[in-house]
Amino acid sequence: MTKKRLYLELENCIGCRSCLAACTQCGGHEERNRNYVYDVNPLVNRQTMPLMCLHCVNPACARSCPAQAIQIHETGAVLSALVEKCIGCQNCTIACPYGIPKFDTEQNLMYKCDLCIDRTKDGIPPMCASVCPSNTLQWLTDEEIENKKQQFNLDNGKWVTSLPYLEGETNVKVNLPGILQGVTKLF
Amino acid sequence: MQAKAAVNEKPVHSINNAFASKFAKSMFLAICGLFILTFIGTRMFTHIDLNLYGYMVGTIVFLGGFFYRFIAWGERPPTKIIIKKGIKLLFRKSTPKTSVEHLATYRFIWNRGIYRWTQHVLIGWGCILACCVTFPLVFGWMYFTMDDNGMYNIILFGMQILTVPADGIIANLSYNALNITAVMVIAGVCMVLYRRFKNMQARAEQKFMYDFLPLVMLILVSVTGLLLTFLNMFMHGHGQPAMSLIHQWTVIITLIYLPFGKLAHIPFRPLSVFAKNYREYYGEQSMKKCKVCETEFVSTEQSKDVVEVLGVNDIHFKTEEGYHLAELCLPCRRKYRIAQFSGFPTHEVKVKEANQNAKG
């Protein structure tokens, strides 16, 4: 089984919020979604972009957790807090550079995107990627991501994933909008 | 250069210098403590139940694993901070209430589900009560004597604290304490197993070594313990010595395993009280304002601590605007990221974020 990654093509997002709804339906998510969809310029246009845990290679949330409740799966996914270990200090919500972890005060428990680990550990795409109607969220092999890179490479060094616009290496790859790259994508 | 500095340093006379490591110190103190308590409890070693000496050795081996695991864990930067400040804030007015809710009545588990709460209370309290009976018996802190007149004495630390009729309710409860706790634990473990076999969420995530092994151990301990009573009462003690050894083996294995698996949450759960105090106390002191929207979202102290811990881990989330990402409230931090992606400063648009909670 070749390793696949979540891959985001942000400008494809049409704001349908299917990913949020699908997230609630994942086996391990207790009907609570862990991802976000944002209006880029809410008072002016309808452009939206999804935001979810990017599964950092060196996750700040896990580094700041006093209870070692945030574990990293062998696939690289940064898991939601272990229910028996989370002590409810909320360090992770402060540490995360993207503001992803959510906290339930009643249950004294942090929960976050675990990349639908029950699915992805067996090579099944996460819920959000499997429902996304506009290919904003895709589940691809490294080779396919490399092909995407070739496809958009205009020899002007403007292919940008992840690093320049993120805080560190992530397991989820993000492709920035064509508008920044100086290309218009053809579908 | 370093050597020179070391020479110039004033020698520090601390008790810590007497030990090779924190581990050695903790182990030494714990065993001394046990020894002294046992010395007092057994009235100068005159009332030791040698039948239980295997548990004594098991407990000491357990202490080795326990200190190894928890000292290593306490050295992690975030853990160190919360333990240090937690101890400082231990005598807050709200501590008793928080402790009871977190450690005795498990209110947060109730909020996670009544079924889960029931199973946790049965197992948790079954184990706590069983430990409260077993360890004092093993180290001779508690023992029983019977007078000729049919009265039954419970002796704690060499003091006769209770004298009750040998066929009364209290006496019967104390004879059967471990049977009752065993039944509690078995019922709880059965509930857990049912949930783990039926619940799709649990089935997706569970692993044998992490989730099932502790259950297997608990059920082995409880069943072999109950079998001891059964053999004594209905089989005239036939097979009791062998069963006693099997029971001892299961208990010692469980003890040794405890600090390293799922059961490790038992000794470090009190940290959740520390965490609550920490948040409450520093929240009252001063709140941190988000650098973008000025909402108060966390205590200044915690924000500072997290930034420091991340710094220790060589993670510096400095933005071009000159602030640390941990200084933004969560919605602003998310919008800030969108802004990095799109090139448009979403976080500066004064619009509350759209509802992000899809109802499943």
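General observations
- Within 10 Å of the Cβ of each residue in B:342-348, the mean number of Cβ atoms contributed by other protein chains is 5.
- If you run the Gaussian network model on chain B, springs between alpha carbon atoms under 10 Å, then out of B:Ile83, B:Ile71, B:Ile161 the most flexible one is B:Ile161.
- Ranked by how many other beta carbons lie within 10 Å on average, peptides B:73-81, B:317-325 from highest: B:73-81, B:317-325
- Taking A:Asp118, A:Asp142, A:Asp104 in turn, the Gaussian network model of chain A (Cα-Cα springs below 10 Å) assigns the largest fluctuation to A:Asp104.
- Distant alpha-carbon pairs in chain B (separation over 40 angstrom), percent: 34 percent
- Shielding of peptide B:150-159 by partners, expressed as the average count of other chain Cβ atoms within 10 Å per residue Cβ, is 0.
- Counting Cβ atoms of other protein chains within 10 Å of each Cβ in A:43-54 and taking the mean gives 2.
- Rounded to the nearest 0.05, the FRET efficiency derived from the C-beta distance between B:Thr319 and B:Leu52 at R0 = 51 Å is 0.25.
- Dipole moment magnitude, nearest 20 debye, chain A about Cα centre, only Lys, Arg, Asp, Glu C-beta charged: 220 debye
- Histogrammed with a bin width of 20 Å, the alpha carbon distances of the protein assembly as shown distribute as 18, 44, 27, 10, 1, 0 percent, first bin at zero.
- Signed unit charges on C-beta, dipole axis of the stretch A:1-133, positive-most listed residue A:Asn91, A:Met49, A:Gln68: A:Met49
- Net length available on complete extension from B:Ile71 to B:Ala177 is 34.8 nm, with 0.36 nm assigned per residue and the Cα-Cα distance removed.
- When A and B come together, around 5400 square angstrom of accessible surface is lost from both chains combined, probe 1.4 Å.
- Heavy atoms of the protein chains alone define the surface here; on that basis the protein assembly as shown has 51 Å² accessible area per residue at 1.4 Å probe size.
- For chain A, the longest principal axis of the C-alpha atoms and the axis of helix A:142-152 are separated by about 40°.
- Simple label model, 7 Å out from Cα along Cβ direction - B:Ala242 to B:Arg107, nm: 5.1 nm
- With one equal scatterer per alpha carbon and no solvent term, the Debye-computed log10 I(q)/I(0) for the stretch B:285-346 at 0.23, 0.27 1/Å reads -0.98, -1.18.
- Largest GNM mean-square fluctuation across B:Thr300, B:Thr254, B:Thr38, computed for chain B with C-alpha springs under 10 Å, falls on B:Thr300.
- Compared with the dominant Cα axis of chain B, that is its longest principal axis, helix B:330-342 is turned about 50°.
- Size-normalised alpha-carbon gyration radius of chain A, reference 2.2 N^0.38 Å: 1.03
- Lys/Arg +1, Asp/Glu -1 at C-beta; the protein assembly as shown dipole; positive extreme among B:Val312, B:Ala20, B:Cys293: B:Cys293
- Every helix of 4 or more DSSP H residues in the protein assembly as shown counts as -39500 (n - 2.57), and over all residues that averages to -14500 deg cm²/dmol at 222 nm.
- If R0 is 45 Å, the Cβ-Cβ spacing of B:Ser94 and A:Ala21 corresponds to a FRET efficiency of close to 0.70.
- What you get for chain B, charging only the Cβ of Lys and Arg (+1) and of Asp and Glu (-1), is a dipole of about 1260 debye around the Cα centre.
- Accessible area of chain B belonging to carbon and sulfur atoms, whole % at 1.4 Å probe: 67 percent
- Pair B:Ala18, B:Arg43: separation of 7 Å Cα→Cβ label points (nm): 3.2 nm
- Cut-off 14 Å, label 7 Å out along Cα→Cβ of B:Leu193, residues of the stretch B:202-227 by amide N: B:212-224
- When the stretch B:200-304 is described by a simple charge dipole with +1 on each Lys and Arg Cβ and -1 on each Asp and Glu Cβ, the residue from B:Pro259, B:Thr229, B:Gln206 located farthest towards its positive end is B:Gln206.
- Cα centre as origin, Lys/Arg/Asp/Glu Cβ charges: the protein assembly as shown dipole, Debye: 700 debye
The values are calculated or read from the model by the stated rules, or taken from the named source; none is laboratory data. Keep in mind it's a predicted model, so treat the numbers as computed, not measured. Backbone-built Cβ (ideal geometry, glycine too); neighbour counts: all protein chains shown. The protein model used for the area step is the full one, side chains on, heavy atoms only, and it has no ligands, DNA or RNA in it. Shrake-Rupley method; radii C 1.70, N 1.55, O 1.52, S 1.80 Å.
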